[in-house]
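The values are calculated or read from the model by the stated rules, or taken from the named source; none is laboratory data. Predicted model only: the values in this text are computed from it and were never measured. Here the Cβ positions follow ideal geometry from the backbone for every residue, glycine too, while neighbour counts run over all protein chains shown.
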Amino acid sequence: MVGNTAEARRLGWGLPLYTAIVEFAIFVPIAFSNPDTSFFLNIFVMAPILLLVSLTLIVLLIRAAVGYGRRQFLPVLAALDILWAIPASLFFYDREHPVALRETARWFAWSHEYKDEVLAQPTSSSGDLKHIEWDGWGFPGPGDTTVFLVFDPTDSLSTAAKSHQSGKFNGIPCKVFLVRRLESHWYDVLFFTDETWDQCN
């Protein structure tokens, strides 16, 4: 009897652990995937699964609260918390920049390659900062959104990155939605929808 109780307790506390492992295995690749794919998977696959698993855990929580498996109450509550904490933390990583987590991971893994590609660009006669198209997403109708990786040798974009405000900045031909600092001299610049470096509305 004591062995069964200890085994049930181990299995119960395994639930939050398994929840965290499965969620990381699913959500992290989705967070780092192409923004169009990520949007589709989150809305049409992950949201229904989250709701179904949440309802199941809530039913188990109610059963534990009224006396059916009281020892399971805290593990089920912990699993429910983890179920929503992981996707919420990924979603709120940088709400102003919808692909900030993906770009941070790409920068961490391959920044030297991106730096080489940007620095190989010819110097602009118009004073534009060196840049490459780095990311983007879009749907028919709403339009395409583009993110550029920008090298700023004087770090003049640092103020824009700290203020999190849209605006027109030296070395960039268009007014942009957001500038985010990756490291000293390196920024990702999120343009407004349907604008690119060479075409401003």
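How many residues are small (Gly, Ala, Ser) and in contact (Cβ under 8 Å) with a residue 12 or more places away in the chain if we restrict to region 39-68? Spell out how you get there, then give the answer.
Residues of region 39-68 small (Gly, Ala, Ser): 47, 54, 64-65, 67.
Cutting the leftovers down to in contact (Cβ under 8 Å) with a residue 12 or more places away in the chain gives us 54, 64.
Looking only at that region, the number is 2.
Every residue in region 19-75 that is at pLDDT 80 or above, of a type in the set (S, T, N, Q), crowded, with 16+ Cβ neighbours inside 10 Å and closer than 17 Å to SER89 by Cβ, please.
THR19, the sole residue that qualifies.
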